[in-house]
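Asks: The structure under discussion is supplied below as structure tokens; questions concerning it will follow.
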Amino acid sequence: MNAKSQQGQGGGQPKKINLEDVDHALVVMSGKGGVGKSTVSANLAASLAKESDKNIGVLDADIHGPDIPKILGVEDQLLTGSEDRIEPAKLNNLRVMSMAFTLPDKDSPVIWRGPLKMKAIRQFLGDVNWGDLEYLIIDLPPGTGDEALSIAQLLENLDGSIVVTTPQDLSLLDSRKSVNFSKKLEMPVIGIIENMSGFVCPHCGEKTEIFKSGGGEKAAKELGVNFLGSVPLDHRIVQTGDDGVPFVQKYPDSEAATAFAGVVQKFEEYISGN
């Protein structure tokens with residue numbers, strides 16, 4: 001990968017990074033925690049990797065709560081590299097980078113202010129040997145703080161944002177903030193995903209709307225953005241996350257895996273049309 005840095009517009013703007021060998025880069029955001037955003041990011045990346053004969057990258061930009069390596073089962077891999085390039089962790093054709101790989105142990109907290117976080121994200125983008133990627137999925141922490149702002153300011157070739165919400169009003173309220181954050185920074189909003197949308201009992205087949213349903217689609221219409229689809233609750237998603245196995249790979253015929261595939265199809269259609 002040849003990452004070119006270019007001076008941004010205005011003296012106070014950080015230098016932009018252009019990932020020349022990455023076809024598409026997108027961020028996955030949420031207005032609040034607890035909506036399953038990292039699980040969604042990991043399974044979207046795994047869905048893409050399963051379909052593609054190209055490499056897919058996952059950048060875990062959640063500096064304080066890096067969960068992607070655990071979800072994908074690569075948390076025990078050791079990073080290697082040269083003086084100016086870091087080799088990401090690998091899972092078949094998935095390439096993964098996260099702060100989790102740099103910590104002395106799994107329980108070590110990261111106690112940093114904004115400038116250090118921006119420096120780390122710049123290194124994750126520009127100093128990692130991502131190679132040729134079809135997609136780089138960037139998993140952001142909840143909210144619209146330092147990490148989200150850093151990615152928006154640093155990455156030149158960013159296709160846009162995907163916002164993850166759950167159906168209840170509290171989550172939707174915060175998700176609207178993520179959509180408006182993207183618009184204010186002139187970052188295209190690819191669409192909204194409604195996660196945890198109904199639970200189908202594996203024993204009797206009855207559907208229970210634990211967090212309601214339909215709110216994500218309604219919010220998308222109100223905000224004038226695409227609705228990418230609903231992903232239902234599945235108790236096995238918790239287990240696969242704990243076991244470090246992508247859910248969509250272990251249960252490819254499940255309703256949730258089919259929903260993830262549908263989301264991928266919709267955002268690929270959006271990106272190819274823009």
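The values are calculated or read from the model by the stated rules, or taken from the named source; none is laboratory data. Only a predicted model underlies this, so the values are computations on that prediction, with no experimental measurement involved. Every residue, glycine as well, gets a Cβ built from its backbone with ideal geometry; the counts of neighbours run over all protein chains shown.
Asks: Do we have any residue at all in region 47-58 that's of a type in the set (A, V, I, L, M, F, W, C), assigned to a strand (DSSP E or B) and farther than 19 Å from F260 by Cα? So that I can check it myself, show each step before the final result.
Replies: So in region 47-58, the residues of a type in the set (A, V, I, L, M, F, W, C) come out as 48-49, 56, 58.
Now narrow it down to the ones that are assigned to a strand (DSSP E or B): 56, 58.
Of the ones still in play, those that are also farther than 19 Å from F260 by Cα are none.
Looking through region 47-58, none of the residues is of a type in the set (A, V, I, L, M, F, W, C), assigned to a strand (DSSP E or B) and farther than 19 Å from F260 by Cα.
Asks: Could you tell me how many of the residues in region 97-145 are over 25 Å from S182 (Cβ atoms), touching a residue at least 24 places away in the same chain (Cβ under 8 Å) and assigned to a helix (DSSP H, G or I)?
Replies: Residues in region 97-145 being over 25 Å from S182 (Cβ atoms), touching a residue at least 24 places away in the same chain (Cβ under 8 Å) and assigned to a helix (DSSP H, G or I): 2 in total.
Asks: Considering region 100-116 alone, what residues qualify as being in contact with an Asp or Glu (Cβ under 7 Å, 6 or more places away or on another chain) and either more than 25 Å from L136 (Cα to Cα) or at pLDDT 95 or above (or both)? Before you say what the answer is, go through the steps one by one.
Replies: If we filter region 100-116 for residues that are in contact with an Asp or Glu (Cβ under 7 Å, 6 or more places away or on another chain), which is where we start, we get 100, 114.
Across region 100-116, the qualifying residue is only A100.
Asks: Additional query: Among the residues of region 181-199, is there at least one that is assigned to a helix (DSSP H, G or I), surrounded by fewer than 16 Cβ atoms within 10 Å (Cβ to Cβ) and modelled with pLDDT under 95? Explain how you work it out, then say what you get.
Replies: First pass over region 181-199, keeping only residues assigned to a helix (DSSP H, G or I): 181-184.
Those still in the list that are surrounded by fewer than 16 Cβ atoms within 10 Å (Cβ to Cβ) too: 183-184.
Subset that is modelled with pLDDT under 95: 183-184.
Among the residues of region 181-199, at least one is assigned to a helix (DSSP H, G or I), surrounded by fewer than 16 Cβ atoms within 10 Å (Cβ to Cβ) and modelled with pLDDT under 95, which makes the answer yes.
Asks: May I ask you to list the residues in region 159-180 that are under 16 Å from Y135 (Cα atoms) and either buried (at least 24 other Cβ atoms within 10 Å of the Cβ) or over 16 Å from the mean Cα position of the chain (by Cα) (or both)? I'd like the intermediate steps shown before the answer.
Replies: Step one: list which residues in region 159-180 are under 16 Å from Y135 (Cα atoms), which gives 159-162.
Once the filter is applied, which keeps residues that are under 16 Å from Y135 (Cα atoms) and either buried (at least 24 other Cβ atoms within 10 Å of the Cβ) or over 16 Å from the mean Cα position of the chain (by Cα) (or both), region 159-180 yields S161, I162.
Asks: I've got another one for you. Taking the residues in region 59-93 that are in a loop (DSSP other than H, G, I, E, B) and among the small types (G, A, S) as candidates, determine which candidate is modelled with the lowest pLDDT.
Replies: Residues of region 59-93 in a loop (DSSP other than H, G, I, E, B): 61-67, 73-79, 82-85, 88, 92-93.
Next cut, among the small types (G, A, S) only: 61, 65, 73, 82.
On the way: A61: 97, G65: 94, G73: 97, S82: 83.
Across region 59-93, the extreme among qualifying residues is S82.
Asks: What number goes with the only condition from (1) touching a strand residue (DSSP E or B) at 6+ places or on another chain (Cβ under 8 Å); (2) over 16 Å from S30 (Cβ atoms); (3) of a type outside the set (D, E, K, R); (4) free of Cβ contacts under 8 Å to residues at least 60 places away in the same chain that P188 does not pass?
Replies: Just one mismatch for P188, condition (4).
Asks: Would you pick out the residues in region 228-269 that are surrounded by fewer than 19 Cβ atoms within 10 Å (Cβ to Cβ), touching a Leu at 6+ places or on another chain (Cβ under 8 Å) and not small (G, A, S)?
Replies: Within region 228-269, just K266 meets the criteria.
Asks: For the list (1) surrounded by 20 or more Cβ atoms within 10 Å (Cβ to Cβ); (2) in contact with a Gly (Cβ under 6 Å, 6 or more places away or on another chain), I need the number of the one condition that P88 fails.
Replies: The single condition P88 does not satisfy is (2).
Asks: Keeping to region 64-77, report how many residues are surrounded by fewer than 21 Cβ atoms within 10 Å (Cβ to Cβ) and within 13 Å of the chain's Cα centre (by Cα). Before you say what the answer is, go through the steps one by one.
Replies: Here is the first cut: in region 64-77, the residues surrounded by fewer than 21 Cβ atoms within 10 Å (Cβ to Cβ) are 64-65, 67, 70, 73, 75-77.
Add one more test, that the residue is within 13 Å of the chain's Cα centre (by Cα), and what stays is 67.
Residues in region 64-77 being surrounded by fewer than 21 Cβ atoms within 10 Å (Cβ to Cβ) and within 13 Å of the chain's Cα centre (by Cα): 1 in total.
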